[in-house]
1. For the structure I just gave you, tell me whether A:ALA395 is outside any helix (DSSP H, G or I) and more than 25 Å from A:TYR256 (Cα to Cα).
2. Identify all residues within segment A:272-294 that are more than 17 Å from A:ASP6 (Cβ to Cβ), more than 25 Å from the chain's Cα centre (by Cα) and small (Gly, Ala, Ser); write none if there are none.
3. Out of curiosity, is A:ASP124 in a loop (DSSP other than H, G, I, E, B) and at pLDDT 90 or above?
4. I'd like the residue in segment A:264-319 that is outside any helix (DSSP H, G or I) and within 12 Å of RNA strand B (Cβ to nearest atom) and, out of all such residues, is nearest to A:LEU104 (Cα to Cα).
5. Would it be correct to say that A:LEU87 is under 23 Å from A:GLY232 (Cα atoms) and not polar (S, T, N, Q)?
6. Restricting to helices (runs of 4 or more DSSP H) lying wholly in segment A:320-391: which have 3 or more residues that are free of Cβ contacts under 8 Å to residues at least 60 places away in the same chain, of a type outside the set (Lys, Arg) and under 15 Å from A:PHE408 (Cβ atoms)?
7. For segment A:176-194, name all the residues that are out of contact with any Ser or Thr (no Cβ under 9 Å at 6 or more places or on another chain) and of a type in the set (Asp, Glu).
8. Quickly run through segment A:382-394 and pick out the residues that are within 9 Å of RNA strand B (Cβ to nearest atom), crowded, with 16+ Cβ neighbours inside 10 Å and under 23 Å from A:ILE338 (Cα atoms).
Amino acid sequence: MTTILDELRWRGLLYESSDGLEETLARERITLYIGFDPSADSLHIGHLLPLLTLARFQRWGHTPIALAGGGTGLIGDPSGKTHERPLLSKEQVAANVESIKRQLAQFLDFNAGDHSAKLLNNADWLTRLSLIDFLRDVGKHLTVNYMLAKDSVRARMASETGISFTEFSYMLLQAYDFAYLFEHHGCKLQAGGSDQWGNITAGIELIRRAFGQRAYGLVYPLVTKADGTKFGKTESGAVWLDPKRTSPYRFYQFWYNVDDADVGKYLKYFTWLSAAEIEELEQSVTQHPERRAAQQRLAREVTRMVHGETALARAEEASQALFGGALTSLSAEDVADIFEDVPSSTLPRHELSGEGVALIDTLVRCGIATSRSDARRAIEGGGIYINNVQSADAARRLTINDSIDGQFIVLRKGRKNYHLIRLV
RNA sequence: GGGUCGGUACCGAAGUGGCCAAACGGGGCGGUCUGUAAAAUCGCUGGCUUACGCCUUCGCAGGUUCGAAUCCUGCCCGGCCCA
């Protein structure tokens, strides 16, 4: 018998699961859910694993429920947090839920017959729950002793800041979610990151006590990086799924720049490629690391999945142009396209006539350099490029001849810091 | 409250009258190399209408001196010890 657990296992995504889950999955097609915290108005790549987990289950014939935490988001999950967090306003949470619901829907199939995906919001039942009902129907089933034993609570009990009653209660709400979905949607499995194990088992426990029935949990590992830094962060912050927050180009670049040591693991985690294909790519990393076939494939697969074929093509073109060489062959249209998400500023065209403007001043004005001295040093150090051509002359002036089709000038500092000047 | 040691650039840390815009290390930025990597290596890392020149900076405020990060006075802040 093979089940989805076998797939998750070879992908390294099975961190821990309830006893009996494998037998159940071999026997029947089930409904499962994963919760998504609406703490921002976009999902980021940290959410890819849960999204793909739901999608993988769906491909195996199971029914996925993506649960937006419109109710639990009002409280805040203490798991993995060392400090109490400020509460988000109700309006903020509601707005965030609306934004991420659209993103969640993109990954799931809602026309899959009897195992079509569902998209729910726990605000629909949690905000209607009265305190008395909650205490009688939920609180009565779990002891404080049980709750205190959870890692997420224990860690905060030991800290100086402590834990508020609000966050302490969080696990009961999540447990109630599970019980609610069990009762109304026949949901038997809750999945999540390994930090969710405590909350998930609380739900299983509640179902056992309230209904005398069995439910299951499954968690995947937290994504790590070989160099020990945090996954999903770049200098400019999180990598978002919303193209307005993180352009497809930057998204593509994020994956393209993954470390050799991590790329095999990420191919298993974040793509649909088969074990054999990944095996082959991993070999190419060892034999021809300079080709970076694995990184390119990873970037391609994930970008296509999140942003689609067209955006992928553009991201690849932009990467080619930027890392390929001079920009002289490009038209203004290409430039506008490729540098869409690059920081930009405007410059009145007439300033470029005649003598033009000093490069030093321009660098300061558009923020590439912090002062004229800084700009001078950068230029003399060979770190400044005009339209991808190095310019080490501190007295250099920019004129209309440096523009691309009289419309743009592309300034660059170092390998990757671009700035687009639009002539107006 | 008393004693004592200390506060130097992004961080750590030298310097204790001129040779100090301030050693050295880390971090950051950039060049070369390379695989848009790592390592290595080199340069930069206060400001100035363009600079073997000027201005500002060594906890803060005054003072001594031709000249102070460096000496004196007061104040503020931190570590340790004693109450």
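1. Yes: the conditions hold for A:ALA395.
2. A:SER284
3. So A:ASP124 fails the test.
4. Filtering first and then ranking leaves A:ARG292.
5. No: the conditions fail for A:LEU87.
6. A:332-338
7. Residue satisfying the conditions is A:GLU183 alone.
8. Correct list: A:GLY383, A:ILE384, A:TYR385.
The values are calculated or read from the model by the stated rules, or taken from the named source; none is laboratory data. Every value quoted in this text rests on a predicted model; they were computed, and no experiment measured them. Here the Cβ is made from the backbone with ideal geometry for all residues, glycine too, and neighbour counts use every protein chain on show.
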